[in-house]
Structures are given as structure tokens and as C-alpha cells.
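Please read the structure below before turning to the comments.
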Amino acid sequence: MNILRLKALLGAGCFSLALIGTAMNSAHAGGIERGGYDIDLLFDPAPFATEAESTYVMPQRKLKNAVDTDPSDGIVTFLGSTAKDSKSYWVPRIGVKAQIVQGVDCMFDYSQPWGAHTNPGLWAGAESNMETDIKSNNYATTCSYKMDAGKGQIRFIGGVYYQEVYGFKKDLVSPLVPGFQGTGQVDLKGTGWGWRAGLAYEIPDIALRASLVYNSRVKLDNISGTLDLTHVGSVVLPIYGSTQYMPDTVEFKLQSGIAPGWLAFGSLKWVNWSLLQSVPICVVGTPAAACVTGDKLHSGQITSLDLMYRDGWTVTGGIGHKFNDQWSAAGQLSWDRGTSHGYGSQTDTWTVGGGVAYTPKPNIEVRLAGAIGVLTSGHSGTVNGENGYVAGNEVSYDFGNDLVTAVSGGIKIKF
């Protein structure tokens, strides 16, 4: 195979996986996933490479037929049975990769793997959720060692990352306060460490790469914050949450050249979202043994963050093509299994995306991509969780097939 054809295949491969994947994953990810984990920059053949990208996601999830199903906290159905649940958001990422010695590459990157922002405001379910905003910061170092194996090279991958997860949740506590300002707000933050390990096999002559990477769960055992009840005549209380874990993931990726300048790629990802069921929140001073999920009358929790997720699965497939030394393009189709199963609005999502990359100079690549998808319909109501815990008994609602769109831009510089 001549050098020009090899470069065409490699160029299409790097573009398709790095750019389209970011826009698609951010648009359709289940649970509270945003950017997820991405180590594709580690595979860049250049001795030094750096990239920065950002994705803007615009989900249009709308709730309807909402009914306040818990009369004990005051019926508020007159507030309205419909609400716009979702908020648009940015997902940034920046990374730097360098060849340390022959065969050893290392990458440092900053990303925001987790996040969620719902803001239905004053609606029939206001005593369950008026606004929830979760954010994260992830600082990672990942290295690999590659050696010859058969017709190609095998690569051993390992790394560590430090993670911050923080956010707030606001509910209507008392509708009797004038102007419906009788709200309470929980602010929480937790940090932890994780690690990753994986293997990859590459045959550069045909742009073949197969990789399998495991990202460990992150233990958040220092969750702390405040509960602000000043709007209902109380005080700001110091609170803490029981130990929780951000999920571990396994992802398999495969790409291969199928013709000069053409490349096919796909992936299969599992995320252990079932780790996140209900997060009990307790006032500081409550014994840890009493800060457990359960009936608030028989446990130490003062409130809780209910998620009740099941594991997530994502399947993707696509085609990339390099037209010449300056222009390449790619398209991709994805299916993401919803993490909600009776409670919440995280149902299955189908997404299609595409984009272009422009290389004005051999060491500079500018990227632009977009995605559009369907958030499938469903119903949220009461579900029975672990240890007899009941979630979703405050409000029930429906939602239809809604639209989600995303745009992504980025730049890569390598030497």
C-alpha cells in the first residue's frame, strides 16, 4: 500500500472517531453521562499532539399529563400538568499527548464526563423537582506501551483520573409561601479517584484498530454540602451523603480501512448505571448507620436524590472518507438504551450525526460536526427499588418522542 493511501485511511479514522463520537455521545448518552471518557488522542501517530473541542447539546424533553400523586405534602396540580424538563449545555474537552520514548505514549486530558440539568420550574411535580443541576470535572493521565505482534502492534493501556462531582437540587417545600417561593435547596460535592486499563491491537497498513478499555468506578466517600431551608422559615443545615460510586464502564471499539480513503468503525459500550439508585442525604450528626435509603420516618435521611437507574448500553456504527489531503467527512448512527425503567425520562435514544474536517496544513486539523436524534416516549411513576424503597410516588407524568440536537467544533495541532 502506498504512503498516500495509508495517510488517507489514517486521517479518516482519527477524524471519525474523535469528532463525530464527541457530538453523538454528548447528544444521546443515558444516565448523567455527558462527555464520558475518551482516549482516542492517545493513538495519534504524531510524536506530539494536542486538541481542544466543545459540544453544545440542545435536548427538547417535554413532560405532560403530570399529576401530583402525594397528597401528604399538599396538592399542587393547579401549577400545571406540562413542563419543559431539559436545558441546553456545553461539553468541553482538552487533551495533550506526547511520545515519551519509543513505544511509550502518554496523554493528559481535562473533561466533564458526568452532568445533568433539568429545570421544569413550577409544575405539578414541583415538590419532587423544580431544578436539578449536576456537573463534574475530570483530570486524567493515560499512558500506553506498544510492541510488535504479528502483522501489527499490541498496545497496553493504563491510567488514573481524579474526579469532582457537584451540584444542587431545588424543590418546592411549602406552596403556602407567597409567590411559591417556599423552596428548599440541597448543594452537594464529592471527589474521588479512578483508574483505567485496556488493550489495543493495530495494523497501520490497513488502518485496523481494535481496543477494549475498562474505566473503574469512582468512590465518592466525602459527599458534603448544605440544605437551605431559609425560604420556609428555617436555617441552612450542614449535610452529608452516604458513600456513592460513579459508574465503571467497558468500551470496545473497532475500525478498519475498507477501501483507499474509506474507513468503517463501530463501538459497543456498557455503563454500570445501576450503581446509582437513591442517594440518602442526612444532617451532619446523624450516625452513618442511620443514613440509609428508606422511609424517612424510619431512617436518618432528611431528603434524597432518587435516580433508580438500570445499566446503559450504547451501540454505534459509521463510515469515514477522506476526499483529499485537506477534506474528510464521516457519518454515524447510534442507539442508546435508556437508563430509566418506570421512573424518570431517560428512555432509548436514536441519533444520527455527521461532520467534516479541514486540514489547511499537515499539522493542523479543524473539525465541525452535528447530530440529531429522537428521545423516545414513555411514562414515569412509582417504582419499587432495593430494600423495599419506593421512588416516584410524588408525581406521575408522560412524555412523547422528543428531539435532541448537538453541534461540535474542535482543533488538533500535532508535530
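Key figures for this structure:
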item	result
Violating pairs (Cα-Cα greater than 24 angstrom) within the set Lys189/Lys219; Lys253/Lys322; Lys169/Lys253; Lys169/Lys219	Lys169/Lys253
Three-way shape label, the range 203-289, alpha-carbon gyration tensor, a/c 1.5	prolate
Ranked Ser408, Ser234, Ser111, criterion: other C-beta atoms within 10 Å, fewest first	Ser234, Ser111, Ser408
Per DSSP, loop trypsin sites (Lys or Arg not before Pro) in the range 39-102 with at most 11 further Cβ within 10 Å	none
Label point 7 Å beyond Cα of Asn324 along Cβ direction - residues of the range 257-293 with amide nitrogen under 20 Å	260-263
Cβ-based exposure ranking for His117, His341, in which fewest neighbours within 10 Å come first	His341, His117
Over the chain: helical MRE at 222 nm, DSSP H runs n ≥ 4 each giving -39500 (n - 2.57), nearest 500	-1500 deg cm²/dmol
Within-13-Å neighbourhood charge of Arg217 [Cβ basis; K, R +1; D, E -1]	-1
Crossing angle, helix 3-15 versus the chain [Cα axis fit, 0-90 degrees, rounded to tens]	0
Ranking of Cys143, Cys291 by count of other Cβ atoms within 10 Å, fewest first	Cys143, Cys291
Point-to-point label distance, Ser88-Val67, nm (Cα→Cβ direction, 7 Å offset)	3.5
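No lab work stands behind these numbers, since they all come straight from the coordinates. Because the structure is a prediction, the values reported are computed rather than measured. Backbone-built Cβ (ideal geometry, glycine too); neighbour counts: all protein chains shown.
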